[in-house]
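These notes are about the structure you will find just below.
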Amino acid sequence: MKVQFSIRKIGLFGKLGEDRKMGLDIGRLLYGIRTKYQISVNDICRGICGVSTYCMYENDEMIPDILSVNMFLDRMGFGILGLTAYISEKEVVYFKWKESTRACIRNENYKKLVMLLEHMPTGNVSLNKKIREQYAWFIKGIVAEKDTADLKKATECYEKALECTCGFLIKSQKIEGTFSVREIHIYAIYLNLLCKVNPKEKEEVISRFYQLMQYVNVHYVEEQQKVRIYPLLVCLWGNLVIEGKDTEGSFEIFEKTLELLRKQKSLYCLLEIMRLHILVGLKEKRDMSKEQEDIKILQSFFEEFGYQAQSQIYVPQANEIMLEHVGQYLSTERKKVNYTQEKISDGICSVESYSRIENGRKPTRNNYKALTEKIGTENRYYIELVNTGNIDALLLRREISYELFMEKNERLPELLEELKTVLGEKEVAKNRQYLEFVQVSIEENTGRKTWNQCCDMFRNILSYTMNEKEIGKKRHVYTMLEINLIDHISVCMAKDGKSEEAMHLIKAFLDDMDYMKTEKYYETFLAKLNYARWKSDRGNFDEAECIYREGIEQRIRRNKTELLDEYIGEYAYNKYLKNNINEKQDVKRYLLYALVLSRMYGTQRVYKTILQFLKKISFSPKSDVGATDEAELIKVYFPKFTVTSNNNKINKVLFFS
């Protein structure tokens, strides 16, 4: 039955009712990366699945589970940032458990970690068993090493973890084949422990770490993938090298690693790399005074927000895949078209079976296809901002996203045209929403269109996949692109003088997200920042402070710096507006944190705004002190703030507007 519903527009995904498996063509993508970089099938699927099973994934005869997809792409050196997976309730439970184990390791709460191990979710037949077992053995190794100090048992646990998918690494003389971030992480922790147990192995371990560093540099396609493991390897290698006399070449390695962290906006092992960089620099008689000032400020920042630097080498990388409940997705789409469970399941499966799907069970591939066809919605497994299986197109998309975030508009038109060429006519039509979003974003950033015009264009683009009136009704599962569009619509509204309307839109959206209980990480980060600004501007300082603080802590937990400088700056500005005399020194301290992070990671616009505001509140008009740049401000009052604050009233405006 082919029915056109008024809540959708024809054109983006073709006619409603057709078979439309929206999203990444995983099979085509796997094949494209493998052939482009000449990786063997045996290397990719070794220890994960059989060759015949993997070939079925590439041929689109089977859909791989999310753990397998993660491992396949990881081994190929291709990151998954920006991917959304539609999974069952049981799979969601496993990922939540995994995130809880990360929190325990990060906070060095090993007693709770033991309890979590005892209650590890079982029965996830749809998730790769070997990958789950590997993670469990890794956690057991951490408990043995850090909680009970049983180094022999820890070594055995790490070895068993490696044996799940790459046991040959333990005895092999060369780093050959393909390895994921997780596998290299486990192996690095294992090598580090070997050096503790038997110091005579030190030179061999140093050599092994250096081989791993070279492997990551050569085999990992994207820097966003490289940054998830390379800093850890450099950190462990550097701590061993610096103990000896020969540190030749290490300064350049530390410097390049810091540059990688800056470019990819990562905090991963940052303080340790900075420390090693400074130590080697001083050893080579270099001037490291600026670097010493930076690390002093950042150490203070991390300590204040509960960052345990020593535990970071053990913390597994955070899940960067956005997760959606496939049952919740079907339920919301079914209700939009006023179908009962009986009506949607008729002729496809029993009502009881369908009810179990909405309550958490994963549908079979054929049933999922038939159900989505019946209600005229997209057949979603994995989706991205650009839905294709073309590796070159996805690499271009990520380059465009970086340029947009950094507010670099010069190359964007050229990159956009290149992306259209690579996609081809058919996939350009399929990805029309994203391509038009980028085009309007360019016009927004360059001021070619008014805020009102941009707002209308973004709204029109959003309407391709959802009705704006659905926002706030708790019955829509948002894509990352829809979230980006809502963010831009609200910003354009606010810039056009419609701040109340903008904030009502953001609040409705955030209410939906809270109701859906989904983790969108960075995609909701901007919305929450703007909402907190609105709260602060209206005098709700305590509510705004909670949102800012939570946002800062979340960024640190995930080792990310996107918008971190703005969150800290707004946190400081919110305290300033409270006009509490006891918090004046706090304001200056937080602004200094924001200033250093902005210089290292942010945009020039944000850096200049923070610097100007910090100078404005730090010196009275009659003061003899006239700091003109960041260096002078740091020398004047960090860590002791003794300069008189400027008591002149500052207009109550949005700090970064």
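Mind checking which helices in the chain clear 18 Å along their axis (Cα) and have mean Kyte-Doolittle hydropathy of 1.0 or more, DSSP H runs only? Helices meeting the criterion: 270-283. For the chain, the mean residue ellipticity at 222 nm estimated from helices alone is -19500 deg cm²/dmol, where every DSSP H run of n ≥ 4 contributes -39500 (n - 2.57) and the total is divided by all residues, rounded to the nearest 500. Sequence-distant contacts, meaning Cα pairs under 8 Å at least 6 residues apart, place the relative contact order of region 430-519 at 30 percent.
Note: relative contact order over the chain, using C-alpha pairs below 8 Å and six or more positions apart, is 16 percent. A full extension of the chain between residue 37 and residue 172 corresponds to an added length of 46.3 nm, given 0.36 nm per residue minus the alpha carbon distance. Please give the FRET efficiency for residue 399 paired with residue 218, using the beta carbon to beta carbon distance and R0 = 22 Å, rounded to the nearest 0.05. According to the calculation, E is roughly 0.60. Each Cα pair of region 157-290 feeds into the Kirkwood radius, which the Stokes-Einstein equation turns, at 25 °C and 0.890 mPa s, into a diffusion coefficient of 158 µm²/s. Counted residue by residue at 0.36 nm each, then reduced by the alpha carbon distance between them, the extension gain from residue 339 to residue 542 reaches 68.7 nm.
A Förster distance of 25 Å, applied to the separation of the beta-carbon atoms of residue 459 and residue 500, puts the FRET efficiency at 0.90. Distance between Cα centroids, region 115-153 to region 302-370: provide it in whole Å. Computed from Cα coordinates, the inter-centre distance equals 25 Å.
Above 21 Å, the calculated P(r) of region 310-429 contains 57 percent of its Cα-Cα pairs.
Binning all Cα-Cα separations of region 283-342 at 10 Å, short to long from zero, yields these whole-percent fractions: 15, 21, 19, 14, 13, 11, 5, 2. Using a probe of 1.4 angstrom and keeping all protein chains present, the accessible surface of the chain works out to 42 square angstrom per residue. Report note on the peptides 567-580, 234-247: ranked by the mean count of other C-beta atoms within 10 Å, highest first, their order is 567-580, 234-247. The amide H of residue 128, built 1.01 Å from its N in the peptide plane, has 67, 68 as neighbours under 5 Å, considering only residues 5 or more places off or on other chains. Considering only Cα atoms, the convex hull volume of region 427-544 works out to 110 Å³ per residue. Here region 349-417 has 46 percent of its accessible surface on carbon and sulfur atoms, given a 1.4 Å probe and all protein chains in place. The simple spin-label model puts a point 7 Å past each Cα toward its Cβ; for residue 364 and residue 56 those points are separated by 1.4 nm.
From largest to smallest, the equivalent ellipsoid semi-axes obtained for the chain from the alpha-carbon gyration tensor read 39, 36, 23 Å. Take the Cβ atoms of residue 283 and residue 197, set R0 to 25 Å, and the FRET efficiency comes out at 0.35.
With the charge dipole of the chain set up from +1 on Lys and Arg Cβ and -1 on Asp and Glu Cβ about the Cα centre, the Cα lying farthest toward the positive end among the listed residues 164, 513, 270 is that of 513. Counting protein heavy atoms only, region 428-526 has 49 percent of its accessible area on carbon and sulfur, 1.4 angstrom probe.
The values are calculated or read from the model by the stated rules, or taken from the named source; none is laboratory data. Computed from a predicted structure; not experimentally measured. Glycine gets a Cβ as well: all are built from the backbone with ideal geometry, and neighbour counts include every protein chain shown. Ligands, DNA and RNA are excluded from the accessible area calculation, which covers all protein heavy atoms including side chains. Shrake-Rupley method; radii C 1.70, N 1.55, O 1.52, S 1.80 Å.
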